[in-house]
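These notes are about the structure you will find just below.
The values are calculated or read from the model by the stated rules, or taken from the named source; none is laboratory data. Everything quoted here is computed from the prediction, not taken from an experiment. Methodologically, a virtual Cβ is constructed for each residue, glycine included, from the backbone with ideal geometry; neighbour enumeration extends over all protein chains shown.
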Amino acid sequence: MNQFQYVRPTKPQAAIDAVAKDQNATFIAGGTNLVDLMKRGIATPQKLVDINRLPLTKIEKENNGLRIGALALNSTVADDKQVRQKQPLLALALNAGASAQLRNMATVGGNMLQRTRCSYFYDLAMPCNKREPGTGCGALEGINRMHAIFGFSDKCIAVHPSDMSVALVALDATVLVSGPKGERRIPFADFHRLPGDTPEKDTNLEKGELITAVDIPDGPFTKHVHYQKVRERASYAFALLSVAAALDIENNTIKAARLAMGGVAHKPWRLTAAEQSLVGKPATEESFRQAAAIAMQGAKAFKHNAYKLKLGPNTIVQALKTAASAA
Amino acid sequence: MKEQAQNKQIGAPMDRVDGRLKVTGGAKYSAEYELPNMAYAVLVGSTITKGRLTGIDTKAAEKAPGVLAVITHFNSPKVPGFDTAGKDPSQPATVGGPLKIFKDDKIRYNDQPIAVVVADSWERARFAARLVKGQYAPEKHKTNLEANASEAFLPTAAKKNPKHPMNDYQRGQVDAYKTGAIKLESEYVIPTEVHHPMELQAITAHWEAPDRLTLYDKTQGTLATRRDFAKEWNLPEENVKVIATFVGGAFGNALHSWPHESAAIIAAKVVNRPVKLMLTREQMFTNVGYRPYTWQKLGMSATADGKITAITHESVGQTSTYEEFTESTLAQTRMMYQSPNVTTRYRLASLDVCSPIWMRGPGEATGAFALESAMDEMAHLLNLDPLEFRLRNYTEQDPEKNKPWSTKFLKECYQLGAERVGWNKRQLKPGSLRDGEWLIGYGMGVGTFGAHRGAATVGAQLRPDGTVLLQCATTDIGPGTGTVMTQIAAETLGLDPKKIRFELGNSSFPKAGTQGGSSTVNSVGPATQEACLALKEKLRTLAGAAFASAKKEDVTLTDGYLALSGSPTTRVAYADLIKQGGDKAVTVEAKPGPEGQKYSMYSFSVHFAEVRVHELTGEVRVSKLVSCADAGTIINEKTAGNQMKGGAVGGIGMALMEAAHIDDRFGRYVTKDFADYHVPVHADSPDVQVAFVNQPDPHVNALGTKGIGEIAIIGVAPAIANAIFNATGKRIRELPITPDKLI
C-alpha cells in the first residue's frame, strides 16, 4: 500500500473542502471496497478523508418518505423498523449483499460508490479502460461470463455490483449531495453512468461532492416485493444477475409495478417499459412472461454471458411470481 | 464411566488434544514465529507467461524506506544444489524438478517470481515490491489444454519403465466397448482447482550458522522439506531443521517444495538475518500448485441385464514445462467394477503454467467424476437403478491385480447410505420429483483410495512426573494426528490420555513420511502402538520379580504406577522405577509386512446426494449429503467424521463452484481472489451425515486402519452431478455445474 495522509473531520463542510481542494484526496467511510483497491494499487489516494464522524447516520421520516443518512450502515438499514415496514424491498436487497461482517461496515453512500468486480479491473497487469483509460477492455474478448448485456460500450462491458442500488433505482430514490457548489438532488437513475467513452467515471458526482442522504418516497410497495439474486453459491457472492420487483395488486390486478435488474449493466438497470406493460394486467405468470420479454429487448451477449439472455427473463418471472404471492 | 473410557480409547470421540490451543490462538503457525532481527520478504511476479527477462528495474525499490535487498537472477547468490540437481547418477532419469528460482532469465509461467524484496517490515517490503519492474522479451505461450491436447504424451517415467503405473493398461480386448451391444462414449472436463487452505503458505528461514539452516515452514513433510533444502544447499541433512508444529490445512499443496521457500532461504543468506516470507492469497493461485485441468473420455458397454462388458478410460492432464506431474486419474476404473475388458490411457500436456500438485483425492477424484458419471449414464441407458447397476458389477476380488481384497465392505456402505439419504424416494425417470419450482433428484458416487502404509518411527519415554512423551516427525495438517496417536498410546499403555503428550512437526523427531495419501494413521499408528508396547516391556523388565513372570498384555500404566491388570496390589510406583536410573525411553520403527503382496488394500466410500435445482434460475442446493466409508478401524469417531465432512464440503465446491480460469491471451489467471474463485460457504452445505462400517482390516496393520482423507472427497462431485441429472434430465460433464449450465 502507498503512504497516505489521513484526516477525520467532524463537519461536512470540512470534509468537502478537504477533498475538493486536493486532487489526490478521497472520502473513506466503511472502506470495504476502497481498502482492497488500495492494497492492490488500483486506488492510490494520497489523502484519505474519513467521514465516519459526520452526523449522517440517521434514518428518519422526511416529507412523504424516508430519508436514510449516507453513513447509515447496511446492516442498520436492513434491520430498521421503518425501512422494513415502508420499503421492505430495500431491506431484502441489502441482506442479499456481501456478508454480515461486511454489511456491518459498509455504508449506504459507500455501497453506491463501490467499483465494479470485473477481474480485469482488479489486475494491474491486465488492460482495463476503467482503471487505466486507453489500455483497452480486457473483458470484451476475454472471460466475460459476469459481464453486461445492456448499455455497454466497446470501451467497457463491466457491471455495477451493488444489490442495494438495484432496489433504490426501482424505488425512485433520490440522492442528496453536498459539494463545493452547494447542495443538489440527483434522481437515482441518473446517479450512475453508462461507460460510453469514459468508463473511468462510474457516477455523475463532481469532485468534492459528498453524498449526505438518500430519499425514498413512500409508495404502495409494502407487501408484494421480492429481490431475487442468482449467484454461484448460496451466500456471499456477487450476482450473476438479480431482479428487484415490487407490485401493487388489487383484486389480482396490477395497479403499479417496479422492476430493475442488477448484474446486467454498468449501472442498476431500471425496466420502465416492462413495468408499464404490467399495469392493468392480472398478476399471472403470463403477464410476467410478457413483461420479461419486453425487459430483455435490446440485450446483447458476449462469448461467455449468453446465458444471461435466458437467466434474465427467468429471474424476472421468478421475482414477480414471488412478489405477487408474498403475504 | 471414567474407568470405561480408560479401557477403551480407540474409537472414542475424544476432543482434539490441541483444540483449545487452536481456537484460542495459542497454536503457532509458520507465519507466527518472531525471531530477533527478523526481516521480511515479498515476491515480485512475472507479468508475462513465457519468454526472457531482459532486465529488471530495482532502483526505486532499493531506495524505498526499510529495504535491505532486492534479489533477482542478476544478483542472487549461487544455490549450489541448482547445478547438481538431476546429475545424481543414483536418481532415476530426469522428469524435471521444481523451479530453480533466480537461476536464469527464463520465464516459464505467469507470476513466476522474478525478484524478492527484503525489508525491515512486511509492509515496507510489500510497498517496495510494487516498485520493481521487469522488462521482458515475450514468446508465444500455451496455457489451454484442449488447444494443445494433440501434443499430449505418455509420461517420461512410463516410457522408460514398462512397469510404471502410468503406462497404458489393458485387460481383455483393446477398446472393446466400441463393439458392445449397449454403449456410451462421453467426454468430461474438470477445470483447474486450487487448494486454498485457510493458512497461507509461509516460511521463516534462519541461517543459524553459515552451514546450519532452520526453517519454520508450512509443509506436510518435515523430512521431505529437510531433504529438499539440504540438497539445494549441499548440506548434510542433519544441518537442516524443519519445524511445522501446526499446519492450517494444506490439502496437498504443501507436499512439494516451492520457489517461495527457496527465495526465503536465499534472502536470509543475503541479508544475514532470519527472513519471513508469506504468500498473498493471489500468489496462492499461481505459485503453489493446483489440481490440474483434465480432459477425459470414457467409453463403456454393457449387456441388457446390466453387466459391464468393457470400459475405456483416457485422460489428458496438464503439467508444466519443467516438471512432469502425474496422478492416478485412471486407477479406480481398473479395479472398481467387474469388466472383462478394460483399457486406460494416461497422457500429459505440457503448458506454460506452474506445476500442479496433488490435491485431496488426487487423480482419483478427477477420474471418479468421469467413471461414476458414466456409471450413472449407463444405468440410465439400461433403465436400471444406479445402485442396482453397481451391485451387478461389484468386484469380490481385485480384477486388476487378481488378488483378494484385504477387506471390502462397500456393499455395507451402499446399504447404510441408501437408507440414510432415502434412496427409495428416487425415481428412475429424471425430473419426476419437485417442490414448487425446485426439482429434486438423488445421485450416488463411489470412491476408493489405496490403503497406503509406509515405515514410521516413534520415540516413547516415561518421564519422572509419570507422563509419557511420544515424538514423531510426522505432521498434522488438520485431521487430528496428535489426538488419535494419543488415543492409540492411551489404549496400548492403559494410561489416561491426559498423561500422554504426542509431539510432532519437527524434523529432529524420529522419522515418518509426509502427511499425504491418507497414510498417516496407517503408518504412524502402528509405530505408536509398537513404541508403547516396547516401553511397557522395558518398564516391566525394570519392575522386579512380580512383573517378570507376568504376561505382557497384562501390564498397564496407571496414574502413578506400573500395574498388572487382574492383580491390583501388584504395582510399582514410577518414582521407584525412575530412581533405578537408566534409560526409560524407546524408539521403535514399524514397517509394513509382506501382506501387500498377498492382498489388494483399499479404503472405499460412497456418497449419496439429494439436490434441489431451481427450474428457472438454475441454482443448485445440496439438501442432503450422506457419506459412508469402509476405512477399517475408526480410531476417533469425531475427528474421522470431521474429515469425512470436510471432504464432502470440498466435493460440493468441486461439483458446483470451484474453477480457476486463465485468460489464454495473456496466460494469466482472471480468478485471483475469493470473489472470483468460490468455495462453499456454510449455507451451501447441508448437515453432512457420515457413517462408518468400522470393521478392522487385519492386513494393513495391527490397528486395522485403512485411511480416510482421500475417500472423503472422491466420488462426491459425481454424486451431486448424478443427482442433478436425476432432478433435471440434464447431464453436465464439465465442472463446476454453475447455474448458467442448467437453464
| query | Does the stretch A:55-71 include one or more residues that are more than 14 Å from chain B (Cβ to nearest Cβ), closer than 28 Å to A:L171 by Cα, touching a Lys or Arg at 6+ places or on another chain (Cβ under 8 Å) and part of a helix (DSSP H, G or I)? | reply | no
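Matching residues to (1) under 27 Å from B:I708 (Cα atoms); (2) within 20 Å of the chain's Cα centre (by Cα); (3) of a type in the set (V, I, T); (4) within 11 Å of chain A (Cβ to nearest Cβ):
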{"position": "B:G650", "(1), (2), (3), (4)": "yes, yes, no, no"}
{"position": "B:L656", "(1), (2), (3), (4)": "yes, no, no, yes"}
{"position": "B:V670", "(1), (2), (3), (4)": "no, no, yes, yes"}
{"position": "B:A675", "(1), (2), (3), (4)": "no, no, no, yes"}
{"position": "B:V681", "(1), (2), (3), (4)": "yes, no, yes, yes"}
{"position": "B:V688", "(1), (2), (3), (4)": "yes, no, yes, no"}
{"position": "B:F692", "(1), (2), (3), (4)": "yes, no, no, no"}
| Are there any pairs, at least 6 apart or on different chains, whose C-beta atoms fall under 6 Å, with the first in the stretch B:690-708 and more than 17 Å from B:C413 (Cβ to Cβ) and in contact (Cβ under 8 Å) with a residue 24 or more places away in the chain and the second in a loop (DSSP other than H, G, I, E, B) and of a type in the set (A, V, I, L, M, F, W, C), and if so, which? | B:V700/B:A451; B:V700/B:M601
| task | Could you please tell me which pairs satisfy a Cβ distance under 8 Å, a separation of 6+ or placement on different chains, a first residue in the stretch B:31-52 that is more than 14 Å from chain A (Cβ to nearest Cβ), and a second residue that is assigned to a loop (DSSP other than H, G, I, E, B) and aliphatic (A, V, I, L, M)? | result | B:A31/B:L200; B:L43/B:L279
| task | Looking only at the stretch A:316-325, decide whether some residue is surrounded by fewer than 15 Cβ atoms within 10 Å (Cβ to Cβ) and either in a helix (DSSP H, G or I) or out of contact with any Cys (no Cβ under 9 Å at 6 or more places or on another chain) (or both). | result | yes
| request: With the condition kept exactly as written, say whether any residue in the stretch A:39-54 is part of a helix (DSSP H, G or I) and either small (G, A, S) or on the phi < 0 side of the Ramachandran plot (or both). | output: yes
| field | Residue that is farthest from the chain's Cα centre (by Cα), among those in the stretch B:246-264 that are crowded, with 20+ Cβ neighbours inside 10 Å and either within 18 Å of B:N506 (Cα to Cα) or of a type in the set (D, E) (or both) | value | B:E261
| task | Report, ordered by the first and then the second residue, all pairs with beta carbons closer than 8 Å, sequence separation of six or more or different chains, a first member in the stretch B:618-630 that is more than 10 Å from chain A (Cβ to nearest Cβ), and a second member that is among the charged types (D, E, K, R) and part of a strand (DSSP E or B). | result | B:S623/B:E610; B:S623/B:R612; B:K624/B:E610; B:L625/B:E610
| If A:A291 passes every condition in (1) part of a helix (DSSP H, G or I); (2) within 13 Å of another protein chain (Cβ to nearest Cβ) but one, which one does it miss? | (2)
| query | If you check B:A712, B:A723, B:A717, which single one turns out to be in a loop (DSSP other than H, G, I, E, B), touching a strand residue (DSSP E or B) at 6+ places or on another chain (Cβ under 9 Å), more than 14 Å from chain A (Cβ to nearest Cβ) and not β-branched (V, I, T)? | reply | B:A712
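Matching residues to (1) surrounded by fewer than 24 Cβ atoms within 10 Å (Cβ to Cβ); (2) outside any strand (DSSP E or B); (3) touching a strand residue (DSSP E or B) at 6+ places or on another chain (Cβ under 9 Å):
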site	(1), (2), (3)
B:Y414	yes, yes, yes
B:R420	yes, yes, yes
B:P430	yes, yes, yes
B:Y442	no, no, yes
B:A460	no, no, yes
B:T474	no, yes, yes
| message | Given (1) away from chain B (no Cβ under 14 Å); (2) over 30 Å from A:L320 (Cα atoms); (3) touching a strand residue (DSSP E or B) at 6+ places or on another chain (Cβ under 8 Å), identify the lone condition not met by A:T198. | response | (3)
| query | How about the stretch A:236-266: which of its residues are within 11 Å of chain B (Cβ to nearest Cβ) and either touching a Ser or Thr at 6+ places or on another chain (Cβ under 7 Å) or assigned to a strand (DSSP E or B) (or both)? | reply | A:Y236, A:L241, A:S242, A:V243
| field | Candidates B:V342, B:V353 - the one that is outside any helix (DSSP H, G or I) and either over 21 Å from B:E323 (Cβ atoms) or assigned by TED's automatic domain parsing to the domain that holds B:G517 (or both) | value | B:V342
| query | What residue, among those in the stretch B:726-743 that are away from every other protein chain (no Cβ under 14 Å) and either in contact with a His (Cβ under 6 Å, 6 or more places away or on another chain) or part of a loop (DSSP other than H, G, I, E, B) (or both), is farthest from B:T407 (Cα to Cα)? | reply | B:G729
| message | Can you name every one of the strands (runs of 3 or more DSSP E) wholly within the stretch B:168-251 that holds 1 or more residues which are under 30 Å from B:Y337 (Cβ atoms)? | response | B:169-171, B:182-190
| For the stretch A:297-315, how many residues are basic (K, R) and surrounded by 22 or more Cβ atoms within 10 Å (Cβ to Cβ)? | 1
| query | Scanning the stretch A:155-210 for residues that are aliphatic (A, V, I, L, M) and assigned to a helix (DSSP H, G or I), which turns out nearest to A:I143 (Cα to Cα)? | reply | A:V166
| task | Would you be able to say whether some residue in the stretch A:255-262 is buried (at least 18 other Cβ atoms within 10 Å of the Cβ), among the aliphatic types (A, V, I, L, M), within 30 Å of B:D663 (Cβ to Cβ) and in contact (Cβ under 8 Å) with a residue 60 or more places away in the chain? | result | yes
| query | Taking the stretch A:1-22 as the region of interest, how many residues are without any contact (Cβ under 8 Å) to a residue 60 or more places away in the chain, more than 14 Å from chain B (Cβ to nearest Cβ) and not in a helix (DSSP H, G or I)? | reply | 8
| note | Of (1) hydrophobic (A, V, I, L, M, F, W, C); (2) touching a His at 6+ places or on another chain (Cβ under 7 Å); (3) more than 14 Å from chain B (Cβ to nearest Cβ), A:L205 fails just (2)
| said: One residue is enough: does the stretch B:622-633 have a residue meeting the conditions assigned to a loop (DSSP other than H, G, I, E, B) and surrounded by fewer than 22 Cβ atoms within 10 Å (Cβ to Cβ)? | reply: no
| query | What residue, of B:F674, B:F692, B:F666, is surrounded by 21 or more Cβ atoms within 10 Å (Cβ to Cβ) and within 30 Å of A:G142 (Cα to Cα)? | reply | B:F666
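Per-residue answers, yes or no, for (1) more than 27 Å from B:T286 (Cα to Cα); (2) free of Cβ contacts under 8 Å to residues at least 12 places away in the same chain; (3) more than 14 Å from chain B (Cβ to nearest Cβ):
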residue	(1), (2), (3)
A:A106	yes, no, yes
A:N111	yes, no, yes
A:T116	no, no, no
A:M126	no, no, no
A:K130	no, no, yes
A:R145	no, no, no
A:P161	no, no, no
A:A173	yes, no, yes
| task | Of the conditions (1) touching a helix residue (DSSP H, G or I) at 6+ places or on another chain (Cβ under 9 Å); (2) in a loop (DSSP other than H, G, I, E, B); (3) more than 14 Å from every other protein chain (Cβ to nearest Cβ), B:D697 clears all except one; give me its number. | result | (1)
